[in-house]
Structures are given as structure tokens and as C-alpha cells.
Amino acid sequence: DSHTTWTAVDTYFNNLLLPADQYLDVALSDAAEAGMPMHNVSPSQGQLIALLMRMHQSKSVLEIGTLGGYSTIWIARALPEGGRVISLEIDPTRAEVARKSIARAGLDNKVEIITGAAVDTLPTLAAKGYAPFDFIFIDADKPSNPIYLEWALKLSRAGTVIFADNVVRNGAVTNADSDDANVKGVQQFTELIAKETRLSATAIQTVGEKGYDGFILAIVQS
Ligand code: SAM
């Protein structure tokens, strides 16, 4: 079936293009062992974020949704000397597993994981001197995406890149009658972006080992 083909193609390209990496592998297996869902980005998506950051020369990154720190490791590695990623996670157990995986990979000097609901921790970031961020990765509870967009704008500057994952949801995003809170979250999020003159954005559908989904990529233009 399609999913088998998509996975085989991911495997084909990843074997050629992405170096094998024990720290990323152990981060995933530790997350699975701790009972976390496998909601991490795929390896090719992790590399996409890393490449975008490097093209953009992002030095300060905000991630909303840490899980086991898999994407955080990709992000931290793509940072230049002196760069920093702040990652927000509501679940303290997940944050602890992520911290261990990040330290094992030698990246703890570049990463700060802040526990708590993002709606509570986002308002603390500016006072800590962390804003504006160069790159913001929105990947937590999708019903809150509209709120996260507001915060992303508050914590940004002209040129900040915003990347939001899982906006296609197997095509459900087009269902205007959906009562799925995740679908509604991404629909409202997209409608807000459409109305926001400070943003220029696009949505890209993706297939692969994670199935059929997609992301929104935006830049703050003023
Ligand atoms: N970015 C991770 C990766 O690719 O490896 C995956 C993140 S996973 C899709 C979403 C995470 O957001 C979960 O670990 C969940 O506990 C966390 N989360 C859910 N609601 C949250 C909230 N209100 N505030 C902060 N984090 C939240």
C-alpha cells in the first residue's frame, strides 16, 4: 500500500543522505520505553528543519512541544556557536527523559527545556531575555495553535521563521464540518495566518513514514 511505499522511500533516501546517529536512535528508544507516543518528527523532517535553520542562520530557536527531545537534538545541532534552543513541554516526565537524551548527545549547553503549559511559560520568555527568536517550531497541542501563533508573533522580529507541523492531518484540514479539536485548531491557525499581514506563508503536504500530513512555513515580514 501507499504507506509501505512512502516508508521504503524515506528509508532509501535516509540511508543515503542522513548519517546514522546513535544519539538520535537512543533518544527515540528511551522515549518509547518511557511510554511516549511516537509523535516526533521523522528523520527527514528533522533534517529539513536543521537545513532551514542553517540557511537562515538561526541562532535562537523556540520549540513548543519537546516530547523526548528528538527534534530538539536536530535543532540544537543546527545551531551555530553560542546558539540556543528553548523548548517548552507540559509533561515533566517527558522533559526529564528529553534532558537526559540531550545531555547524552553533548548538547545540554545549547538547550533549555521549560516545563509547564506553554500558555503559562510563553509569557515568561521575553522577561528572561530570550526573545526575539530567529526560528519558532510549533509542535504541541494543536487546539492551541491559534494562541501559539499570537505568541510566536509577539516573540518574533522581521525575518523570524515560523514552522508548524501536522497541519494536513490526513486531509481532514479541508473538512469544514470537522468536530476534531486538532483539525479545528489548525484551521483557525491557518485562517489567522491568512489575515495576518505581517506573515508570508505556505503549506506543504508531506508523505512518508509518518503517513500523510504537512507543515506550514511562514516568515515575519515586518
Ligand atoms: N517536537 C517533538 C519531536 O518532533 O520530537 C514532538 C512533540 S509532540 C508532537 C507534542 C508535545 O507537546 C508532547 O510531548 C506533549 O506533551 C506536549 N504538549 C501538549 N500540550 C502542551 C502544552 N499545553 N504546553 C506544552 N507542551 C504541550
Revision key, fill the gap. In terms of the charge dipole of the chain, which places +1 on Lys and Arg and -1 on Asp and Glu at the beta carbon, the residue among LEU28, THR66, LEU122 farthest towards the positive end is LEU122
Practice item. Could you pull out the longest piece of the chain with no exposed loop trypsin sites (Lys or Arg not before Pro) in it, calling a site exposed if DSSP puts it outside H, G, I, E, B and it has at most 13 other Cβ atoms within 10 Å? Key: 1-127
Study note, to complete from the structure: In whole angstrom, the spacing between the Cα centers of the range 155-176 and the range 24-91 equals 17 Å
**Study point:** Helix-derived mean residue ellipticity, 222 nm - over the chain, DSSP H n ≥ 4, -39500 (n - 2.57), to 500
**Key:** -12500 deg cm²/dmol
**Study point:** Cross-link reach list, lysines versus LYS142, counting only Cα pairs under 23 Å and skipping chain neighbours closer than eight places
**Key:** LYS154, LYS184, LYS195, LYS210
Exercise for review: Counting other Cβ atoms within 10 Å, keep those with at most 15, restrict to DSSP loop, and tell me which GluC sites (Glu not before Pro) in the range 3-111 are left.
Suggested key: GLU81
Exercise for review: Just the number, please: percent antiparallel of the DSSP beta bridges in the chain, rounded to the nearest 5.
Suggested key: 45 percent
Study note, to complete from the structure: Log entry: pair-distance distribution for the range 2-220, C-alpha pairs binned every 5 Å from zero, whole % per bin is 1, 7, 15, 19, 22, 18, 12, 5, 1, 0
Check your understanding: Dipole of the range 2-220 (Lys/Arg Cβ +1, Asp/Glu Cβ -1, origin at the Cα centre): which of LEU18, GLY159, ALA78 lies farthest to the positive side?
Key -> GLY159
Check your understanding: Which residues in the range 159-176 have a backbone N closer than 19 Å to a point placed 7 Å from the Cα of ARG198 along the Cα-to-Cβ line?
Key -> 159-164
Point to revise | Relative contact order of the chain, defined on C-alpha pairs under 8 angstrom at six or more residues apart (%) | key: 19 percent
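Quick note: the coordinates plus some simple rules give every number you see, no bench work behind them. These figures come from a predicted structure and were not determined experimentally. Positions of Cβ are backbone-derived with ideal geometry, glycine not excepted, and every protein chain shown enters the neighbour counts.
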